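Have a look at the structure below, then the notes.
The values are calculated or read from the model by the stated rules, or taken from the named source; none is laboratory data. Given the structure is predicted, the values throughout are model-derived calculations rather than measurements. Virtual Cβ from ideal backbone geometry, glycine too; neighbours counted across all protein chains shown.
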Amino acid sequence: MEFVSAIFLIFVSIVCVIYFAFPKKHRWVVLLIASYLFYWFNSTYLAAVLAGMTVVTWLTGLMIEKTSDKASEYFKEHQAQMTESERKSYKNSVTQKKKRILLLGVLIDLGVLLFFKYHNFFLGNAASLLGLFGIPMKDYRFDLLLPLGISFYTLQAIAYMVDIYRKKYRADRRFFRFALFMSYFPQIVQGPIARYHKLAEQIYQEHSFDFTRLKFGCQLILWGFMKKLILADRLGILVDTIFDNYTDYRGGILFLGAIGFGLQTYADFSGGMEIARGVSQIFGIELEINFKQPYFAKSIEEFWRRWHITLGTWMKDYIFYPLSLSKRFANLSKKARKLFGNYIGKKLPSFLAMFLVYFLVGFWHGSSWKYVVYGIWNGMIITSGILLAPVYQKGIALFHVKEDSYGWKFFQMVRTFLLCSLGRFFSRAGSCMIAFSMIRNMFLYPRTWEFFDGTLLTLGLDAKDLTVLAAMIILLLLVDIAHERGVKIRESIASQGFIFRWLIYWTAFYLVVIFGMYGPAYDSSSFIYQQF
Amino acid sequence: METLYKILEEARADVDFRNQTGKLIDDGILDSFDIIAIIGEINEAFGIDISVDELLPENFNSPEAMMALIEKLQKEV
């Protein structure tokens, strides 16, 4: 059951009616049953994987908390009689015990993800590695169905266990309620990656029916449909044509493919988020915002703070800081400062942690080296940006650049957009080598005239489609500009007169019906991030 | 307190931590790289684990605030 399908809308409507027909106290049960039904429709028996991981995560949380509580009680009673070294060694032993339980839980959850998503990657690379030494290895690779949303809920589960370990909140004792947090259907397909303390309370709360919420939720869903069906799926045809026949194209057209894929992913992923948030809003549950106008970022670092925000903050909280703050990294920092001086030395451990984060961000996207290169490309630009900051400052002073001028800001945005688009070659091309060859062909043979000699009309879209595409991109840009300026679009529309308001709603609806990419000749494609 | 001053002075010899009136984080005296280096050293020297959730400006704006955080974490298991 795809998000962008009639059956999904019918499903949501039925769940909605039952949800609000149920007594308030038990409404969360409707969501739990709906979530597992939704999962069953999509992944059938693989719902068992989700259920299994829920049990492991729940038990791990409880065990860590029990160890922690027992130790706290003992420490409170006996710390006065303990010497300083006894205190330290007691704390150390408790931490080690808690760490062991946490590690076991994380390894099980992560193991399931690695098994389902990366088994062929590891088997294939093992074979290549052994091949290098002349040792033949049988092809053990096998195809497995990937449980829906596993890349997203595994991260949610890990965050929960680590937070209990860090005593951020108490472990959830009510298993079925916890199961709803793990399986909540609007966000299970492709996030946003929720944090327990932000989502759980909301989904258990007793929500009353609210007409404004229903209206706003539906509008958000409609906007998500517009982005996905009118923009992303249409642009997808052009992007597929270029990337599937990459040897036929050169220069500007190849770059158009990369830019197109960036925009397609943005419309696809953020459109999906809007559908998820819209559905959730109807129930009275606010999901995290995952995108903040990423293409207005003035640096790659800022881009990642605006793009897939919940993945970025997850990486920051559970990989970057724990690593950079660890004792091992502290020692490394000390050595680096002695070796390279203060300026580079103190940054080096953070850079290492950052590279690891971007490596993981890349690898998380898919089991292929091209994603790793994509991650490292982003990490490289960010670290070089920080390292070369003094050089840039000198350049800015030399050319008397006004840093708060609109011209400079616009230049920074275009620069970030171009750098970002270059990285897209890796995330979309069939392999790393193809991406490199496309980039080479793009720079070596610019062929800018192809934008004007009719080549654009041979990329799978006719003039009418290209016009719709351009119009939709402009609309998306205008909406993003409004959001960037803090305009609340739905509230603004709601404050308009009856006729104008309904004119907008109906226009949006008919735009999806008329210009959406679906129908007997065309299958609405799955969300890009659903496959990650 | 002396151990803390030593760590701070080692990380940033150019800052006079003992007579500092400005706010270390809010006034931009220490940057994020300094803080990361300093926390690593504090964790090791005092046998505690400062986690991400404690990474708030108010915990690191002055040596006294850092010491208060250290003492709080020392009392916890």
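Quick look at the values:
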read-out	value
Breaking point among (1) surrounded by fewer than 21 Cβ atoms within 10 Å (Cβ to Cβ); (2) modelled with pLDDT of 90 or more; (3) assigned to a helix (DSSP H, G or I); (4) charged (D, E, K, R), for A:ARG328	(2)
Answer residue from the range B:56-70, given it is crowded, with 17+ Cβ neighbours inside 10 Å and either modelled with pLDDT under 90 or in a loop (DSSP other than H, G, I, E, B) (or both) and is farthest from the other protein chains (Cβ to nearest Cβ) among those	B:SER62
Qualifying residues in the range A:348-362 (those that are away from chain B (no Cβ under 14 Å) and touching a residue at least 40 places away in the same chain (Cβ under 8 Å)) - the one surrounded by the most Cβ atoms within 10 Å (Cβ to Cβ)	A:VAL361
Boolean, B:GLY40 is at the interface with chain A (Cβ under 7 Å from one of its Cβ atoms) and either under 30 Å from A:SER85 (Cβ atoms) or in a loop (DSSP other than H, G, I, E, B) (or both)	yes
Scope the range A:334-360; condition under 33 Å from the mean Cα position of the chain (by Cα) and of a type in the set (A, V, I, L, M, F, W, C); matching residues	A:ILE344, A:LEU348, A:PHE351, A:LEU352, A:ALA353, A:MET354, A:PHE355, A:LEU356, A:VAL357, A:PHE359, A:LEU360
B:ASP16 vs. criteria facing chain A (nearest Cβ under 9 Å) and not in a helix (DSSP H, G or I)	no
Residue count for the range A:202-248, restricted to those that are under 24 Å from A:TYR184 (Cα atoms) and either over 22 Å from the mean Cα position of the chain (by Cα) or not assigned by TED's automatic domain parsing to the domain that holds A:SER492 (or both)	17
Residues satisfying the stated conditions in the range B:26-37, i.e. more than 9 Å from chain A (Cβ to nearest Cβ) and either on the phi > 0 side of the Ramachandran plot or surrounded by 19 or more Cβ atoms within 10 Å (Cβ to Cβ) (or both)	B:GLY28, B:LEU30, B:ILE35
Close pairs (8 angstrom Cβ cut-off, 6 or more residues apart or separate chains): closer than 23 Å to A:MET517 by Cα in the range A:6-27, of a type in the set (A, V, I, L, M) and outside any helix (DSSP H, G or I) anywhere	A:ILE7/A:MET1; A:PHE8/A:MET1; A:PHE11/A:MET1
Cβ pairs under 6 Å, 6+ apart, first in the range A:163-191 and part of a helix (DSSP H, G or I), second of a type in the set (Lys, Arg) and surrounded by fewer than 23 Cβ atoms within 10 Å (Cβ to Cβ)	A:TYR165/A:LYS98
